[in-house]
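Heads up, the thing below is written out as structure tokens.
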Amino acid sequence: MMGRVSSLFTLRNATFLLALFMFGWLLNYFNTGAGGARNLAALMVPVAIALHILYFYQENWLYPRLPALFNHAALLVYLGICAYTFYYFYFNFQAVAIFRMGSYTQHDFIVGLLMVLLVMELSRLMHPVLFWVNVVMIVYTIWGYLSPVDFFWHPGTTFYRLITSSSVEFATGVFGLYAQLALTLIAAFLMLAAVAAGFDAQNALVNVMRRLAGRSRHTIPQTAVLSSVSVGMVSGSGAANTAVTGSFTIPLMKRYGIPPVFAGAVETSASMGGLIMPPLMGVAGFLMAEFLSVPYWDVVVRGFAVAFVYFCSLTLAVYLLSVRLLPNDPIATPSVPGYQQVKTAVFFGGIAFLVLLMGYWGFGAMRAALWTSGFMFIGLLAAFLFFKHVLDDDQVRDETLFGNLRKIVETHAEMTSYIVLLMATLGIMIGLFTVTGFILRMGAMLVQLGDWHIMATILLAFAFGWLAGTGLPPTATYIIVAIIIVPPLRELGVDPWVAHFFAFLLAIWGELSPPTSLTAAVASRIAGASFMRTMMVALKICFPITIMSFAIFTRPEMVTTPGWGQIYHTLLVAVGTTSVTFATFGTYTRSWMSNMAAKLSLALAAAVVLFHPNETLAVIVALAALAATLYGVSRHRQYGQTHPPSPSAQAAEL
């Protein structure tokens, strides 16, 4: 009996109890809004960080190279800081945030300092690039007056001001706007993913999509595309999307003869598209709504247009490569158990319900996410109980209700704690950018460059976003680009929606850009393929992101005017990007010279469709380009079916 009781006192169970505590606190806030977002951040940021520490510690310790005793001691110290911060703000929040604003006590300063140091150390362990950027910014913030370059010179500030601006002022830093957003709107939408994960709806989605892909070997890679679209709706991470869907789709593709590099690249490209797909949009959509001070639905309705263009081009690229690399012999389609079909129907029913709540009934985003989570939970719970206790289905025999509920809480805690730590780290960075005046100086320089030519500013912004994206996750890249690049673009007359979607697409592209890509790394590891080759093939497949980044400047209605005008321009851009896709991967004829001439002509036509200012001309050329693309697809299919490649030829194609 004592052994059974003692077995309950494990670190995993303690982590679950803390996760349940945060889950309940957040549910109460979503329903009541009690205390406001700042108070929520002051209390829940320490809890979320404590959870992230516990998850990280259980996976691989905090410092694997150091002795166990040191790791245990560090864990206790870090959890102690989180616990004391929660306790301190629980009893002193109003005094710190209102009555002592700008004149903090030594105790306030010490609590803020401890949290800043803890977040910095955790970022060193988990986000080293962000850590070193913050270290440079700290040095620059204090000793900026030593800069020999006038552009970077500023009078410097005190260590006291640096810490208070990064903590107890609650505007920026650890408890600032970004952490508040992570614990409110983002955490509410993460409940959708948590509920789906609790009942294993993602795996059901993959199996259903495989069934829908049909009997042709050429459509097998489309399983990855369809699955990533589905899971991407509630996933805020390309790497997480790849881990969930890729663990099923990549082995499936390899089993049917698809080269490992191609399998990994398809999954990478599809998962990147998942970051564009509403309603979650890789978390950046929530930040965009905050920056623009608009309802989140206004971002979602524009995000669907961007996602449509991307997945049209992606689907065509994957199909063209499949025809070139694979024979067209029929394959058997698997059967999908009824339980998985019901779970898939509930998932998509929940997404439709969310769209109705926000788009038709006008619900606020957080309230709509909460109601949709409840809708999905009730549907999945009813399916679980029916198949387990009424039908006694083998698919549900090993599942337990408590196990599913626990997985919901733990999944939500793990995702939320990761986002909170990332946002707290970014909050410190943006706070230091603000204190030093760097943002204003950078903006002034870009405006001066734009006086010469706006394209110079756009190209510099693209280069800046690429450099930021080489080492930062998409959310971080979007925040930095939106804060530094978007204001100058708006001063130069660029529509704010265009400027922010430009920043958003830059952030997505940065996740895939060389020399680093976490999404490609995960996919290549699952596929057992070369990381660099997987990333480079994925870059070719994802070329529509690059095109869209610039096309929205000449076809702004795609993201500025929801309605029929938006649909019209979205279709125009989709024709342009799919034409470029065929020009990249398609085949018109066996003659190399004739084929290249035809594809170059199509690429030039696509450039007119996407970038020519005369809309009438663009429409006429678009009709011709669409006809040429459709004709090319039929020719490509005939050529691919009559010339199945050998394995060595497959490798050469990639």
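A short reminder: the numbers here are calculations on the coordinates, not readings from a lab. If you're wondering where the values come from, they're calculated on a predicted model, not measured in any experiment. Neighbour counts are summed over all protein chains in view; Cβ atoms, including those assigned to glycine, are modelled from backbone coordinates with ideal geometry.
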(request) Taking H placed 1.01 Å from N in the peptide plane, check which residues at least 5 places from Gly156 or on another chain put their amide H under 5 Å from its amide H. (result) Gly144, Tyr145
(message) Give the average over all directions of the projected area of the C-alpha convex hull of segment 154-204, one decimal, in nm².
(response) 5.5
(request) Please work out the Cα convex hull volume for segment 428-537 and give it in Å³ per residue. (result) 101
(message) Under 4 °C and 1.567 mPa s, how fast does the chain diffuse according to Stokes-Einstein, given a Kirkwood radius computed over C-alpha pairs? Answer in µm²/s, whole number.
(response) 49
(message) Based only on other Cβ atoms within 10 Å, what is the fewest-to-most ordering of Arg324, Arg302, Arg635?
(response) Arg635, Arg324, Arg302
(message) Placing unit charges on C-beta atoms (Lys and Arg positive, Asp and Glu negative, everything else neutral), compute the dipole magnitude of the chain about its Cα centre in debye, rounded to 20.
(response) 1140
(request) Read phi for every residue in segment 332-341 and hand back ³J(HN,Hα) as whole Hz from Karplus 6.51 cos²θ - 1.76 cosθ + 1.60, θ = phi - 60°, with x for Gly and Pro. (result) 6, 9, x, 7, 10, x, x, 4, 5, 5
(message) Between Glu59 and Val294, what is 0.36 nm times their sequence separation minus the Cα-Cα distance? Round to one decimal in nm.
(response) 80.6 nm
(request) Calculate, in whole percent, how much of the Cα-Cα pair population of segment 232-326 lies beyond 21 Å. (result) 39
(message) How many angstrom lie between the Cα centre of segment 384-431 and the Cα centre of segment 485-531?
(response) 28
(message) Over the chain, what is the relative contact order in percent, taking alpha-carbon pairs closer than 8 angstrom and at least six residues apart?
(response) 17
(request) Specify, per residue and in Å³, the volume enclosed by the convex hull of the alpha carbon atoms belonging to segment 102-164. (result) 85
(request) Could you pull the Cα extents of segment 357-413 along its three principal axes, largest to smallest, in whole Å? (result) 41, 26, 12
(message) With the cut-off at 1.5 for a/c, could you classify segment 44-91 from its C-alpha gyration tensor as rounded, prolate or oblate?
(response) oblate
(request) Take the eigenvalues of the Cα gyration tensor for segment 505-637, scale each by 5, and report the square roots as semi-axes in whole Å, largest first. (result) 28, 22, 11
(request) Name the aspartates and glutamates eligible as straight-distance cross-link partners of Lys388: C-alpha to C-alpha under 20 Å, and not fewer than 8 places from it in the same chain. (result) Asp200, Asp398, Glu399
(message) Net charge around Val498, counting only other residues with Cβ within less than 13 Å of its Cβ (Lys, Arg = +1; Asp, Glu = -1)?
(response) +1
(request) Would you mind checking the pairs Lys254/Lys407; Lys254/Lys343; Lys540/Lys599 and listing those with alpha carbons more than 20 angstrom apart? (result) Lys254/Lys407; Lys254/Lys343
(message) Could you derive backbone 3J(HN,Hα) for segment 81-94 from the dihedral phi with the Karplus parameters 6.51, -1.76 and 1.60 (θ = phi - 60°), listing whole Hz in sequence and x where the residue is Gly or Pro?
(response) 4, 4, 5, 5, 5, 4, 4, 5, 6, 4, 9, 10, 4, 4
(request) Would you mind ranking Thr477, Thr589 so that the residue whose beta carbon has the fewest other beta carbons within 10 Å leads the list? (result) Thr589, Thr477
(request) Sum -39500 (n - 2.57) across every DSSP H segment of at least 4 residues in the chain, then divide by the residue count to get the 222 nm mean residue ellipticity, nearest 500. (result) -25000 deg cm²/dmol
(message) Run the simple label-point estimate for Gln395 and Ile98 please: 7 Å along Cα→C-beta, distance reported in nm.
(response) 5.4
(request) Determine, from the Cβ-Cβ distance of Val136 and Leu17 and an R0 of 45 Å, the FRET efficiency 1/(1 + (r/R0)^6), rounded to the nearest 0.05. (result) 0.70
(message) At 0.36 nm per residue, and after removing the present C-alpha to C-alpha distance, how many nm does the segment from Ser247 to Glu121 gain when stretched out fully?
(response) 42.2 nm
(request) Rounded to whole Å and sorted largest first, list the principal axis extents of the Cα atoms in segment 240-390. (result) 49, 48, 23
(request) Report ³J(HN,Hα) in whole Hz for each residue of segment 267-282, in order, from the Karplus equation J = 6.51 cos²θ - 1.76 cosθ + 1.60 where θ = phi - 60°; Gly and Pro get x. (result) 5, 4, 5, 5, 5, 5, x, x, 5, 7, 6, x, x, 8, 6, x
(message) Please report the equivalent ellipsoid semi-axes of segment 118-259, computed as sqrt(5 x eigenvalue) of the Cα gyration tensor, largest first, in whole Å.
(response) 46, 19, 11
